[in-house]
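Read the structure below first, then the notes.
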Amino acid sequence: MKITVQRSGGIAAMTRVWSVNAASPDQKERWLPIVEACPWEEAKSRALTSNEPDRFMYSIRAGQHRATLPEGAVTGPWQELVECAKAEGSESTGHRGTRR
């Protein structure tokens, strides 16, 4: 399972991406509970895509799941997923000034 967290926006309009490839059984065992704890359907139904000036937006993908959340909605299980991906994933930066 591939997990990708993309953070865009903010004052500098920088995009950063953290990726984890949970391929081994041990990695899947570690990441699956974190991914499954997130309220993916709730994120879709509530349409948490309101853009707030100078705040971050998070685009999160995990396997077949997708969610786009404003910074203020990255709490609870979402925060755990984002923080774990930042700590354990490989990081890349996107383009400056590209807002999505």
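None of the figures in this text is laboratory data; all of them are computed from the coordinates on show. What you see is a predicted model, and the numbers here were worked out from it, not measured in a lab. Note that each Cβ is placed from the backbone with ideal geometry, even for glycine, and that neighbours are counted across all protein chains shown.
With the simple spin-label model, which puts each label point 7 Å out from Cα in the Cβ direction, the Glu42 to Thr4 separation comes to 2.6 nm.
Full extension of the chain segment joining Ser24 with Glu80 gains 18.1 nm, where the gain is 0.36 nm per residue of separation less the Cα-Cα distance. For the pair Ile11 and Arg66, a Förster radius of 35 Å applied to the C-beta separation gives a FRET efficiency near 0.85, rounded to the nearest 0.05.
Bridging of Lys28 to aspartates and glutamates at a Cα separation below 13 Å is possible for Glu36, once same-chain residues fewer than 8 apart are set aside.
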